[in-house]
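A quick write-up on the structure given underneath.
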Amino acid sequence: MVDRNPFFNKSGPPEFVFRVLTNVPEFQAILFTLFFLLYLMILCGNTTIIWVVCNHSSLHTPMYFFLGSLSFVEICYITDVVPLILSNIFGDQKPISLAGCGTQMFFFSVFGCTDCFLLTVMAYDRYVAICHPLHYNLIMTQKLCVQMVIGSLSLALLLSLELTAFTFTLPFCRHRLEINHFLCDVAPIMRLACADIHVNQAVLYVVSILVLTVPFLLIFISYVFIASTILRMHSAEGRQRAFSTCSSHLTVVLLQYGCCSLVYLRPRSSTSEDEDRQIALVYIFGTPLLNPLIYTLRNKDIKDALRNSFFHVPASDTS
């Protein structure tokens, strides 16, 4: 008797399908609308930041260069994930090929790692600006800023390539495999392999430490020096201004690193795949949406530039 269950058909290269988010048509429509609107808001918000940074000479500083770079990475990051999520909400499970899944995993890792590294670079920029203001222009040169962004992307490419290759060299013994996720992430793919994955899990843990723990420690050290400098300032206005330039960045850091650490650094024995999916929704949609919101609502320079652009009102005097 021939087994016609597609999940156990070993013929042909393996392909993957994603676990259905919900089978209730009404909830499917709600989720599709919600995710689509969030996607549009993220695209519009981050595109606005890139546009305003590029078109206003007052924002041609290292801080806003890094912010614009972060917004570009956020657009790429969300675009790698959301269209696939939307396409799989309705109807039957749609298969994705081995190559397609590997490609999505690679770019998801690249943009996710670059995001974390850029947040670290932005913390260093704030450290230099607040702790060494007289040497800021000498240290944060245009050349160094470009090198930092390229270095962040290059390191992300290297780590992502290694992680993706290491994952997809694992053997998969069935033709069609169901991923308990809505994207091709490393850990859910590893669990589908018909081989011992302890070495692969160790590699994932090491990469997670390099991408999450080490940068977060550098950010923490930067803010220890920043806080020490702010507390020594005699002017209350100076302390308030220094704090306001850091609070937006710190909010994004805590959300991004907090959620990612819960997914990638928790012991496997204390995690569930359903919890990982829920947390993943927070950092996939939350950080790219929060980034433009807090920088447009709380940053005076960007608010003045937007007001000047859309309403032709001169920027308020900052003196």
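The values are calculated or read from the model by the stated rules, or taken from the named source; none is laboratory data. Values in this document were obtained by computation on a predicted structure and should not be read as measured data. Glycine gets a Cβ as well: all are built from the backbone with ideal geometry, and neighbour counts include every protein chain shown. Ligands, DNA and RNA are excluded from the accessible area calculation, which covers all protein heavy atoms including side chains. Shrake-Rupley method; radii C 1.70, N 1.55, O 1.52, S 1.80 Å.
Using the Kirkwood formula on the Cα atoms of region 217-296, what hydrodynamic radius do you get, in angstrom to one decimal? Please list the in-between numbers first.
Details: mean 1/r = 0.0684 Å⁻¹.
Over region 217-296, the inverse of the mean reciprocal pair distance is 14.6 Å.
Sorting check: for 239-247, 257-265, which peptide has the highest mean count of neighbouring beta carbons within 10 Å, and how do the rest follow?
Details: 239-247: 15.8, 257-265: 18.4.
My ranking of the peptides, most packed first, is 257-265, 239-247.
How tilted is helix 214-231 with respect to the longest principal axis of the chain? Cα atoms for both, answer in degrees (0 to 90, nearest 10).
20 degrees
What does the accessible area per residue of the chain come to in Å², with a 1.4 Å probe and no ligands, DNA or RNA counted?
50 Å²
Estimate the FRET efficiency between Ile30 and His234 by the formula 1/(1 + (r/R0)^6), using the beta-carbon distance for r and 51 Å for R0, to the nearest 0.05. Mind showing how you got there, number by number?
Numbers: r = 54 Å, r/R0 = 1.06.
Efficiency, from the Cβ-Cβ distance: 0.40.
What part of the accessible area of region 15-299, given as a whole %, is carbon or sulfur when the probe is 1.4 angstrom? Walk me through the numbers before you get to the answer.
Working: 9300 of 13230 Å².
Whole-percent figure for carbon plus sulfur exposure: 70.
Using only Cα atoms and rounding to the nearest 10 degrees, what angle (0 to 90) does helix 273-297 make with the longest principal axis of the chain?
Long axis of 273-297 versus the principal axis of the chain: about 30 degrees.
Sort the following peptides by mean Cβ neighbour count (other Cβ atoms within 10 Å, averaged over residues), highest first: 117-123, 187-193. Don't jump to the answer; show the numbers that get you there.
Values: 117-123: 23.0, 187-193: 19.0.
The densest-packed peptide leads the list: 117-123, 187-193.
Find, to one decimal place in angstroms, the Kirkwood hydrodynamic radius of the chain, where the mean of 1/r is taken over every pair of different Cα atoms and then inverted.
Details: mean 1/r = 0.0466 Å⁻¹.
One over the average 1/r among Cα pairs gives 21.5 Å for the chain.
Kindly provide the helix-only [θ] at 222 nm of the chain, computed as the sum of -39,500 (n - 2.57) over DSSP H runs of four or more divided by all residues, to the nearest 500 deg cm²/dmol? Don't jump to the answer; show the numbers that get you there.
Numbers: 11 runs with 222 residues, N = 319.
One gets -24000 deg cm²/dmol as the mean residue ellipticity at 222 nm.
Given a cut-off of 19 Å, what percent of all Cα-Cα pairs of region 147-232 lie beyond it? Walk me through the numbers on the way to the answer.
Details: 1999 of 3655 pairs.
Considering region 147-232, 55 percent of its Cα-Cα pairs are separated by more than 19 Å.
Looking at region 1-155 from every direction and averaging, what is the projected area of its Cα convex hull in nm²?
On the way: hull surface 50.7 nm².
Answer in nm², one decimal: 12.7.
List the residues whose amide H sits under 5 Å from the amide H of Leu177, counting only those 5 or more places along or on another chain, with H placed 1.01 Å from N in the peptide plane.
Hits under the 5 Å cutoff: Glu15, Phe16, Val17.
Determine, for each peptide in 156-164, 282-290, 169-177, the mean count of other beta carbons within 10 angstrom over its residues, then list the peptides with the highest first. Provide the component values of the computation, followed by the final result.
On the way: 156-164: 18.1, 282-290: 21.2, 169-177: 15.0.
Descending mean neighbour count gives 282-290, 156-164, 169-177.
I need the calculated FRET efficiency for the pair Asp274 and Cys173, taking r as the beta carbon distance and R₀ as 22 Å, to the nearest 0.05. Don't skip to the answer; put the middle values down first.
Numbers: r = 24 Å, r/R0 = 1.11.
Efficiency for this residue pair is about 0.35.
Using a Cα-Cα cut-off of under 18 Å, which aspartates and glutamates could be cross-linked to Lys303, ignoring same-chain neighbours fewer than 8 residues away?
Here the aspartates and glutamates satisfying the reach criterion relative to Lys303 are Asp317.
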